[in-house]
Structure formats: C-alpha cells, structure tokens
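The values are calculated or read from the model by the stated rules, or taken from the named source; none is laboratory data. The model shown is predicted, which means the values in this text are computed figures rather than measured ones. Here the Cβ is made from the backbone with ideal geometry for all residues, glycine too, and neighbour counts use every protein chain on show. When the accessible area is computed, the model is the full protein with side chains, heavy atoms only, and any ligands, DNA or RNA have been set aside. Shrake-Rupley method; radii C 1.70, N 1.55, O 1.52, S 1.80 Å.
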Amino acid sequence: MKNKIGIWAPLRYANYGDDLQAILFAYFLESIGYKTILFQLNENLANTYKLDTAHTVDELCSDSKICIIAGGALLTPFSIIQRFLSKSANEYERDFKDLYRAGKKYGTKFCAISMGGDGLTRNPYLHYSLARITFFKSKYFLNGTVRLEGDMFQMKKFKKNFTYIPDCLLQTNNFLNISKKREDFPTTPYRVALNFKKRHVSTKLLNEIFLYAKKNKDVEFFFVTTHLEDTEINYEYIPNEKIENIKIVHYKTPSQLLEFISGVDILITSKLHLGITGLTVGTPFISYRGPGKAKSFVKSIGGDWSIVDDNIGLNDLKKQFFFKSKESLFEKYNINTLGQMIKNSYKQYEFCEKIVKKFHKKINAPLSAMVNLK
C-alpha cells in the first residue's frame, strides 16, 4: 500500500541547505500525522532526526503517491559544455530522467516546494537538458512554489503555474528553536564566520586575513564548511596554516551549524541558505561573490549595503562591518519587509500540507508539539 510521502532532494552531496530543507519538510509532515521517506539522506542525519531513507528512486517512489521535491536549485542553469565536462552537472541532469521514469512506472506525482533559481528567465533548451525539460513539462510534475518571484516566469516556459512564497528556510528557527548565543554588543574577540569557495575567494583577501590574525587578537576568524566531511566534497576553502585565532568549523548537522552561526557577530558567505538561516538567528549576512539568487534575496530586504565588492579587502570589511553590534547592522535591512517575509514563508508548509492531503490520509498520530531537533 502506498502510504509514505516521498521527499526528494540531491541529498547525496550532504549539503547543509539541501539537508535542512528536506529535514524541515519531513519534520513538518511527520508533526501533522504523515509518514515520510527521504531520498539518500546521510545515515547519521537520518539517525539524529529519526527519519527513514530510501537509497534508490524506485525505493522512494514505489511506496509514494506523492513526492515532495524539497526546494533545491532545480532551476540552476547548466550549459551544454558544463553538462559534458562536469560530473556533478551530468549527475544532476540524470536525476530528472530517473524521476520521470519513476512517474511513468509508479504513477508518482512530484511537487517542488520552495523551488530555487536566480529569478531570471532563460531559454530552457540552451540551459537545461532534455531530461529536465521533459520532466518539468510532464503530467507527473505538479504546479508548486518558488522562492523568488522571477522564477514564476521561468516555470511558465514549461507550461506550469507556480506560486511565489518567501523561502521556506526563513522558518528554520521556528522549527529547530536554536538558542541564540550572541545577541549583545560584541566583546573582544569579534567573531567572524567565513564560507568561501576556493576558486572564488580572493588570494589577496586571504593573505590579509592571515596577516591580521598573526598580528592581532581582537578578531577570531572561523572558516565554515557546509558539506559533511565523509562526502569528500572539498570545493570550500579551509586553511592549512595553524594560527590561534583562525579556526575551522565543519558541518555535522543543520542544528549544530546553525547554533554556531548564532554565536558569531557576522557571517560572510556566497551561500544563500547559509545566509538566510543566519538571519533567522540574528546574525547579519554579508554576501561575498554570491550568485544571482543570493543578491536577489538580500536586495529584496533592503540589503544592497550587504553585497560587497568582489575585490574588497580586509580593511574595508573592518571599516564597514566589524566591531558593530548585530542590532546596528540588522537595522540597515528593511526589518518590516524581512519580518513579513518570515511570516509569509510559513505558507510554503501550508501549501505542502494542501498538496499532500490530495493524495494521502494521515496514518500517524501527529506529534503533540514541535520538538527541538538537535
């Protein structure tokens, strides 16, 4: 009997943002009385959050009338050259072929919720594989939601009508209930979290950070990773040199990483979801060499000031941001807009519940209260 809600995301990469989205939707559905199964969730995370996993698409879909695609950058463009040269791009496009086949084989319907792109409209045939286009246009792929308004127009290219709702991860702290570790005016040392891609980060900026750290003790620099160590995904910069006030924080669970982020004074990253969830625990997000989707989001909350120049140096970072309270930096965002977006983002979960009700009856007793997942 088909009695589970499948949740699909590219979880084999054990990436903080994808893991977190899948876990939050699973937790939400479990809390209102449904049973879920997640595609290729890391075993340790599955044990930590007490969730079931499927190792293959067949295992995921054979027991699921409906499969929620938990966000993910489904609209990420890959050129023909990228698909040919990049293993990850090739794998990702192959995923859509597998999902389409599962739809035909089992009749499973797929609904993408809080679907990600950069808000731009593109010619699908120049930026997506035929497998992705076929899946999006198919009867198995339902109308869902996007987290940037511009992506609604991209989905019309596939004859789908998607609804804009602010990013589901704006609800993260309401689900995980992370205790904020550092809210008051910072004391020495000032704590800076950094998440850089190796090929994007400026060598000049890194050299300035190391030189400053050797000579001064008033700033602690934490280099953060967002992939589990056992994936051996290593595109994020990690320092080799050992200096007292330069440290490394490895991603282990979403709760662990977010609790750490809540305890720093500022977060500098190109990662949209690391930045968004940092905002939910009161940590200012500075967008450094971020993609279009990160810049689009911070602009939407009046955060143009937090998008820094690609060639910014440490001195300018210090002058613009360091040694200022979190509160004073947060006041530079449009707080009313951000607050309304956080409130509205719960509609992602309401949309999820509405879709699931069309295909399933509740089979569990719902959880009596939200549980703090740590």
With the 8 Å Cα cutoff and a minimum separation of six or more residues, segment 152-309 has a relative contact order in percent of 24
Under a no-solvent Debye model with one identical scatterer per Cα of segment 36-162, what's log10 I(q)/I(0) at q = 0.15, 0.17 Å⁻¹?
-> -0.73, -0.92
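By accessible area of protein heavy atoms, probe 1.4 Å, what ranking do 304, 167 get, highest first?
Per-residue accessible area, sorted high to low, gives 304, 167.
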Rg (one decimal) and Dmax (whole number) from the Cα set of segment 256-327, in Å, equal 11.5, 31
Output the DSSP H helices from the chain with an along-axis C-alpha extent of no less than 20 Å and a mean Kyte-Doolittle hydropathy no less than 0.5.
-> none
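Taking a threshold of 24 Å on the Cα-Cα distance, which of the pairs 105/160; 4/97; 50/197 fall above it? Please report the intermediate quantities before stating the final value.
Numbers: 105/160 22 Å; 4/97 22 Å; 50/197 32 Å.
Long pairs (Cα-Cα over 24 Å): 50/197.
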Take the chain, drop everything but the C-alpha atoms, weight them equally and run the Debye formula without solvent; then report log10 I(q)/I(0) at 0.12, 0.15 Å⁻¹ to two decimals.
-> -0.91, -1.39
Cβ-placed point charges (K, R +1; D, E -1), dipole of segment 1-48 about Cα centre in debye, nearest 20 = 240
If you put +1 on each Lys and Arg Cβ and -1 on each Asp and Glu Cβ, how big is the dipole of segment 38-153 around its Cα centre, in Debye rounded to 20?
-> 440
Where nothing but the Cβ of Lys and Arg (+1) and of Asp and Glu (-1) is charged, how large is the charge dipole of the chain around its Cα centre, in debye to the nearest 20?
-> 1260
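From largest to smallest, what semi-axes in whole angstrom does segment 238-371 give when each is the square root of 5 times an eigenvalue of its alpha carbon gyration tensor?
The equivalent ellipsoid of segment 238-371 has semi-axes of 33, 20, 14 Å.
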Could you compute the FRET efficiency for residue 43 and residue 315, with r as their C-beta to C-beta distance and R0 at 56 Å, rounded to 0.05?
-> 0.80
The relative contact order of the chain, taking Cα pairs under 8 Å that sit 6 or more residues apart, comes to a percentage of 19
Taking residue 332 as the anchor, which lysines have their alpha carbon closer than 22 Å to its alpha carbon, excluding any fewer than eight residues away along the same chain?
-> 180, 181, 271, 293, 295, 299, 318, 319, 324, 343
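Show that you can apply the helix-only estimate: for the chain, add -39,500 (n - 2.57) for every DSSP H stretch of four or more residues, divide by all residues, and state [θ] at 222 nm to the nearest 500.
-11000 deg cm²/dmol
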